[in-house]
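Worksheet: one structure, shown below.
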Amino acid sequence: MPLKVADHPLITHKLTIIRDKDTSVKKFREIVEEITLLLTYEATRDLPLSDALIETPLCPMTGRVVKERFVITPILRAGLGMLHGMMSIFPVAKVSHIGLERDEETALPRTYYYKSPPDLAGSHVIIIDPMLATGGSLSAAVDLIKRGQPSTIKCICLLAAPEGRDRMNRDHPDVDVYVGALDERLNEKAYIVPGLGDAGDRMYGTL
């Protein structure tokens, strides 16, 4: 799994805004959507195209269009903050929802909710979650989606830690993960450093 860091000035600029602890909830949500749009652009560079015969105001021509089936999959709850940005690009995409929480006895991710379209087979799935920290939740989400036998799986995260990158490399070397930045490390509470804090809390004002 190559971790693909989108080293783009606009993404770096916008990440700086949401890293700032004084950024408002409203601004945080807006910028998360904007970064998601930019990362989606990077993650979909290799989409296959099909011929489509159209007429411009001047003449007929053969254009190229995307005809693939897409399923966007946010990991609850913070992933929902990235969904609207992606739906603005893929308005006909279907949506899966995955709810994961830490099992206090095993310390492993536990699925408490999963709802997906019945026809994942052959589709292109993009899993979205703001933070790739330990990698446990994202790895579990990919495990779940792979059961539906999609054509491809890609993941988009705002930030990643080396620990999460390494976990995904071990568990899912066939899945590309696109991130805005690779940060330094995890702290003792498994928060990304320097990071931006808890993305869900900052997105929904539950600090």
Item checked: In sequence order, calculated HN-Hα J values of region 170-182 (Karplus, 6.51, -1.76, 1.60; Hz; x Gly/Pro) -> 6, 7, 9, x, 8, 10, 7, 10, 9, 9, x, 7, 9
Next item on the list: Report ³J(HN,Hα) in whole Hz for each residue of region 194-207, in order, from the Karplus equation J = 6.51 cos²θ - 1.76 cosθ + 1.60 where θ = phi - 60°; Gly and Pro get x.
Entry: x, x, 8, x, 7, 4, x, 4, 6, 6, 10, x, 9, 5
Note to self: Using 0.36 nm times the number of residues separating residue 174 and residue 34, minus their current alpha carbon distance, what extension gain do you get?
What the structure shows: 47.7 nm
Next item on the list: Please give the contour-minus-distance gain from residue 25 to residue 101: 0.36 nm per residue of separation, less the Cα-Cα distance, rounded to one decimal in nm.
Entry: 25.0 nm
Checklist line | Across 27/189; 94/146; 94/115; 67/154, pairs whose alpha-carbon gap is larger than 21 Å | finding: 27/189
Next item on the list: For the chain, calculate the relative contact order in percent as a whole number, restricting contacts to Cα pairs under 8 Å that are 6 or more residues apart.
Entry: 25 percent
Checklist line | Loop GluC sites (Glu not before Pro), region 100-207, which have at most 16 other Cβ atoms in a 10 Å radius of their Cβ (DSSP) | finding: 104, 105, 184, 188
Checklist line | residue 87 versus residue 41: modelled label distance in nm, points set 7 Å from Cα along the beta carbon direction | finding: 2.2 nm
Checklist line | Charge dipole magnitude, Cβ of K and R +1, D and E -1 - region 22-151, Cα centre, debye nearest 20 | finding: 240 debye
Next item on the list: State the percentage of accessible surface on the chain attributable to carbon and sulfur atoms; use a 1.4 Å probe and exclude ligands, DNA and RNA.
Entry: 54 percent
Check: So, in Å, what gap is there between the alpha-carbon centers of region 22-97 and region 153-180?
Finding: 20 Å
Margin query: Under the rule of at least 5 residues apart or a separate chain, name every residue whose amide H is placed under 5 Å from the amide H of residue 73.
Written below: 96, 126, 127, 128
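Subtract the Cα-Cα distance of residue 62 and residue 77 from 0.36 nm times their separation in residues, and report this length gain in nm to one decimal.
1.2 nm
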Next item on the list: Obtain the nm distance between the two label points defined at residue 52 and residue 7 by a simple spin-label model: each point lies 7 Å from its Cα along the Cα-to-C-beta direction.
Entry: 3.5 nm
Notebook entry, point to check: Amide H to amide H, which residues 5 or more places from residue 114 or on other chains are under 5 Å from it, using H placed in the peptide plane?
Noted result: 99
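The values are calculated or read from the model by the stated rules, or taken from the named source; none is laboratory data. Being a predicted model, the structure only gives us computed values, none of them experimental. Glycine gets a Cβ as well: all are built from the backbone with ideal geometry, and neighbour counts include every protein chain shown. Calculation scope for accessible area: heavy atoms of the full protein, side chains included, ligands and nucleic acids excluded. Shrake-Rupley method; radii C 1.70, N 1.55, O 1.52, S 1.80 Å.
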